[in-house]
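The numbers here are math on the coordinates, done by the rules we state, and not lab data. This is a predicted model, so every value here is computed, not measured. All Cβ positions, glycine included, derive from the backbone under ideal geometry; neighbour counts span all protein chains shown.
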Amino acid sequence: MEIAIIAHDLKKELMTQFCIAYCGILSKHHLCATAVTAKYIAESTGLEITRLMPGEQGGEQQIASRIAYNEIDVLLNFRDTRPTAKYNEEDLELLRMCDLYNIPVATNIATAEVLITALDRGDLDWRQLVNPRAQG
């Protein structure tokens, strides 16, 4: 499966810890992430991960484009949850794209754990029908 990963600045450490905890499952899949998030994950886990542009410089648009071309099967997008956090157009567009193309998306660690364990059980194997590149 093709898993895209984004973590806002205040969530990068949490995403890294999540990836450490689920490294065994994630290692069976193809990963891509925005630049700094990819760096943190790769350095902490040793996972092979494709580094995209930084989020604010087009990384989120790269992921949105991959979703539109059916090249992403799961999106893990840990967002800043402070009341003062400003959500830009890219955040909303990513969620819209996931809705439009039926991409499972997690915006917090609880949902991410549900998706990753479901992925490990084979509950998301239906994505292989939609995206033949998604095979393990």
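Can you bin region 6-114 into rounded, prolate or oblate? Criterion: square roots of the alpha carbon gyration tensor eigenvalues sorted a ≥ b ≥ c, rounded for a/c under 1.5, prolate for a/b above b/c, oblate for the rest. Intermediate results must be reported in sequence, preceding the final value.
Working: a/c = 1.40, a/b = 1.19, b/c = 1.18.
Since a/c stays below 1.5, the shape of region 6-114 is classed as rounded.
For the chain, modelled as a GNM with alpha-carbon contacts under 10 angstrom, which of Arg79, Arg51, Arg121 fluctuates the most?
Judging by the Gaussian network model, the answer is Arg121.
Between Gln128 and Ser27, what FRET efficiency follows from the Cβ-Cβ distance if R0 is 22 Å, with the result rounded to 0.05?
Working: r = 18 Å, r/R0 = 0.84.
Computed FRET efficiency for Gln128 and Ser27 comes out at 0.75.
Can you count the Lys pairs in region 1-91 whose Cα atoms are under 21 Å apart, with each pair 8 or more apart or on different chains?
Working: Lys11/Lys39; Lys11/Lys86; Lys12/Lys39; Lys12/Lys86; Lys28/Lys39.
Lysine pair count for region 1-91: 5.
Can you give the extra length, in nm with one decimal, that the chain gains between Glu113 and Asp99 once fully stretched, where that is 0.36 nm per residue apart less the Cα-Cα distance?
3.1 nm
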